[in-house]
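Just below is one structure, and these are the notes that go with it.
We did not get these values from a lab; they are worked out from the coordinates using the rules stated. Because the structure is a prediction, the values reported are computed rather than measured. Note: ideal-geometry Cβ built from the backbone for every residue, glycine included; neighbour counts use all protein chains shown.
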Amino acid sequence: MDKLKQLIISTVASLFILLAGTLGYMFIEKWDLLDAIYMTVLTLGSVGYSEVHPLSFNGRIFTIFLIVSGMSLVMYLAGVVVQFVVEGEMRNILGRRKLNKSISMLKDHYIVCGYGRIGRTLCSQIKEQNSEVVVVEKNEALLPALEKDKILYIHGDASSESTLIKAGIQNARSLIAVLATDADNVFLVLTVRQLNPSIYIMARAGSDNVKSKLLAAGANRVESPYEVGAVSMALKLLRPSVSNFLDIALSRKQRAIQIEEVSISPKSKILNVMLKDSGIRKNYNIIIIAIKKKDGEMIFNPSFETFLEEGDTIIAMGRASNLKKFNEELNPH
């Protein structure tokens with residue numbers, strides 16, 4: 001039986017015995033309501049005070065049954081309460097321990113600080129990429145949403161070093177700062193950069209004058225949701241066909257065509273090979289849109305004589321299955 005249901009039933013039974021004892025004394029001893037209630041409470045509570053009035057033979061027999069049944073019920077109720085509390089605490093402790101163990105084993109994962117509207121959408125997008133994500137959230141009211149979405153999380157202050165260490169900041173690929181205020185995000189970026197100088201940090205800025213502060217604090221990229229939203233709305237308004245194409249290509253829910261970025265590893269078969277000799281178009285049926293060189297230079301619509309070098313990132317477009325195969329070939333395990 002569910003523990004909460006047991007607790008409710010036990011409470012109702014206690015009230016029933018209190019009522020039965022009151023009515024019993026009123027019927028057997030002819031006492032008034034207050035004396036009957038007082039005597040019933042004394043009896044059930046085993047306080048040990050003397051009787052309100054001398055008891056008759058039938059009244060004593062009734063009192064014995066009331067004491068036995070009352071003590072049994074009280075003991076049962078206490079057991080249910082203790083079990084309810086202990087089991088709940090144990091479940092929380094074991095669940096938290098399992099969660100911490102899962103987080104400690106992660107590598108190259110994403111840490112999202114803040115699980116508001118932006119943070120929740122980010123996590124959804126990251127998980128669609130089959131990447132691991134850990135959320136750091138201070139607001140206890142948002143924890144049920146995290147559990148419902150099956151997201152690994154740390155309940156604590158994101159600006160605390162100990163909290164970030166629990167989230168695996170040393171082994172993480174990237175951290176996204178989307179806390180409620182710009183001041184919190186600036187302080188968070190400063191803390192993260194000290195803990196992990198090489199981690200990639202993306203931060204949310206609520207206003208233009210904060211962007212420079214976030215970059216100075218150590219953020220690699222700063223985005224304003226308002227600007228991004230406005231640009232997206234303008235694109236949908238002025239270039240609806242282009243916007244629809246990008247929505248399809250960038251959405252993981254559409255399998256017809258996608259745009260993906262693939263890094264060239266040292267073990268890749270096309271390392272130091274010209275684009276025309278790579279066989280990418282022939283073997284994978286994908287289109288190379290651009291190549292980002294190791295130094296950050298972006299080559300759009302690269303010529304067929306462009307060399308593919310270690311550290312390059314290829315921006316390719318094609319079917320999801322072909323892109324997956326291409327990624328596996330360029331990054332063999």
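Some observations on this one:
- Calculated FRET efficiency for the pair Phe245/Asn209, C-beta based, R₀ 35 Å, to 0.05: 0.50
- Each 5 Å bin, from zero up to the one with the longest distance, holds this percent of the alpha carbon pairs of segment 115-176: 4, 17, 32, 27, 17, 3.
- Cβ-to-Cβ counts within 10 Å put Lys213, Lys30 in ascending order as Lys30, Lys213, the fewest first.
- Of the residues Ile67, Ile280, the one with the fewest other Cβ atoms within 10 Å heads the list, and the complete ranking is Ile67, Ile280.
- Fluctuation leader among Glu140, Glu128, Glu297 - the chain, Gaussian network, Cα springs under 10 angstrom: Glu297
- At R0 = 30 Å, FRET efficiency that the Cβ-Cβ distance of Asn301 and Arg173 yields, to 0.05: 0.55
- For segment 106-229, convex hull volume per residue from C-alpha positions, Å³: 95 Å³
- Shown is the FRET efficiency for Asp32 and Leu143, computed with R0 = 56 Å from the Cβ-Cβ distance and rounded to the nearest 0.05: 0.60.
- In terms of the mean number of neighbouring beta-carbon atoms within 10 Å, the peptides 267-277, 18-28 order highest first as 18-28, 267-277.
- Helical content alone sets the calculated 222 nm signal of the chain at -17000 deg cm²/dmol, taking -39,500 (n - 2.57) per DSSP H segment of four or more residues and averaging over every residue.
- The coefficient of translational diffusion for the chain, derived via Stokes-Einstein from the alpha carbon Kirkwood radius under 25 °C and 0.890 mPa s, stands at 95 µm²/s.
- Burial ordering of Phe300, Phe16, fewest other beta-carbon atoms within 10 Å first: Phe300, Phe16
- Placing pseudo-labels 7 Å out from each Cα toward the beta carbon at Asp277 and Ala290 gives an inter-label distance of 2.8 nm.
- Potential lengthening of the chain between Leu99 and Ser124 amounts to 7.1 nm, from the contour at 0.36 nm per residue minus the alpha-carbon distance.
- If the segment from Ile61 to Leu19 were pulled out straight at 0.36 nm per residue, it would be longer than the present Cα-Cα gap by 13.4 nm.
- Our summary gives segment 256-330 a relative contact order of 48 percent, counting only alpha carbon pairs under 8 angstrom and 6 or more residues apart.
- Choice from Gly156, Gly318, Gly116 with maximal GNM fluctuation in the chain (Cα, 10 Å cutoff): Gly318
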